[in-house]
Amino acid sequence: MQSIDLPNGDFEEDLKDWKVSVKDSGTVMVRTKSAKTGTLGLLVTDRSETDAVQLVSGPVPVKMGCFYRVSFQARLIEGSGSGVRLRFLDADRKVLEGEHGRDSSVELRQENTDWTNYTCSGTPPAGSVALQIAIRTNGRAVVKAEFDDFQILELPPQDQ
Ligand SMILES: [Ca+2]
């Protein structure tokens, strides 16, 4: 497996390269207290039972036939209902719903209030040119969670 570049996957440059969508009662903050490694990490807070919070990474180019694994560190401070999804994009930057969709997301587990390593993985469906990492809270969730150290690994077909 080979590590591929994910711009600002460690939040050391604040929210650079991440696109944030937050409604009234949610907040997204990069701060020292939320760092697992380095100086900065991400804190996501969702205080509403109707709105969701979402952050999407910059697109990373993919090769057909390769297998991709995203790993990151996270911990739940309060509540539950937050996770990470791997999304594949076509040439028009539209999100593709792949047959691997079921495997390409991971929920933070309620009991893990210590920093925990999570992974989610997938194979690009036909037409993919890039992947994106989406950090989100569920619409109904009231949750506070921290994230750091997003990394992407690529496994070529001959090594699968
Ligand atoms: Ca960091």
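Check Gln54, Gln110, Gln73 and return the single one that is at pLDDT below 95, within 15 Å of the chain's Cα centre (by Cα) and not hydrophobic (A, V, I, L, M, F, W, C).
Unique residue meeting the criteria: Gln54.
This table checks each residue for (1) more than 16 Å from the ligand (Cβ to nearest atom); (2) assigned to a loop (DSSP other than H, G, I, E, B); (3) hydroxyl-bearing (Ser, Thr, Tyr); (4) free of Cβ contacts under 8 Å to residues at least 40 places away in the same chain.
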| site | (1), (2), (3), (4) |
| --- | --- |
| Val106 | yes, no, no, yes |
| Gln110 | yes, yes, no, yes |
| Pro124 | yes, yes, no, no |
| Gln132 | yes, no, no, no |
| Ile152 | no, no, no, no |
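Could you grab me the full set of residues in the stretch 113-130 that are surrounded by 15 or more Cβ atoms within 10 Å (Cβ to Cβ) and modelled with pLDDT under 95?
Cys120, Ser121, Gly122, Thr123, Pro124, Pro125, Ser128
Can we say Asp51 is touching a residue at least 40 places away in the same chain (Cβ under 8 Å), surrounded by fewer than 19 Cβ atoms within 10 Å (Cβ to Cβ), out of contact with any Cys (no Cβ under 9 Å at 6 or more places or on another chain) and on the phi > 0 side of the Ramachandran plot? It would help to see each step written out before you state the result.
On the way: touching a residue at least 40 places away in the same chain (Cβ under 8 Å): yes; surrounded by fewer than 19 Cβ atoms within 10 Å (Cβ to Cβ): yes; out of contact with any Cys (no Cβ under 9 Å at 6 or more places or on another chain): yes; on the phi > 0 side of the Ramachandran plot: no.
Answer is no for this residue.
Going through Val28, Val60 one at a time, which residue ends up being among the β-branched types (Val, Ile, Thr), under 25 Å from Ala141 (Cβ atoms) and out of contact with any helix residue (DSSP H, G or I) (no Cβ under 7 Å at 6 or more places or on another chain)? Please lay out each step first, then the result.
Numbers: Val60 fails: under 25 Å from Ala141 (Cβ atoms).
After ruling out the rest, the residue left standing is Val28.
Just one of Lys36, Lys16 is part of a loop (DSSP other than H, G, I, E, B), farther than 30 Å from Pro157 by Cα, without any contact (Cβ under 8 Å) to a residue 12 or more places away in the chain and within 16 Å of the ligand (Cβ to nearest atom); which is it?
The conditions single out Lys16.
State which residue is surrounded by the most Cβ atoms within 10 Å (Cβ to Cβ) when the search covers only the stretch 20-48 and only residues that are charged (D, E, K, R) and touching a Ser or Thr at 6+ places or on another chain (Cβ under 8 Å).
Result: Asp46.
This table checks each residue for (1) buried (at least 19 other Cβ atoms within 10 Å of the Cβ); (2) part of a strand (DSSP E or B); (3) within 16 Å of the chain's Cα centre (by Cα).
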site: Asn8; (1), (2), (3): no, no, yes
site: Gly58; (1), (2), (3): no, no, yes
site: Gly65; (1), (2), (3): no, no, no
site: Glu78; (1), (2), (3): no, yes, no
site: Ala91; (1), (2), (3): no, no, no
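Could you list all residues from the stretch 2-19 that are modelled with pLDDT under 95 and acidic (Asp, Glu)?
Asp5, the sole residue that qualifies.
Here is a list: Val22, Val44. Which entry is of a type in the set (A, V, I, L, M, F, W, C), modelled with pLDDT under 95 and either within 16 Å of the ligand (Cβ to nearest atom) or over 27 Å from Val129 (Cβ atoms) (or both)?
Going through Val22, Val44 in turn, the sole match is Val22.
The values are calculated or read from the model by the stated rules, or taken from the named source; none is laboratory data. Everything numeric in this text was worked out from a predicted model, so none of it was measured. Reconstructed Cβ throughout: ideal geometry from the backbone, glycine too, with neighbour counts over all protein chains shown.
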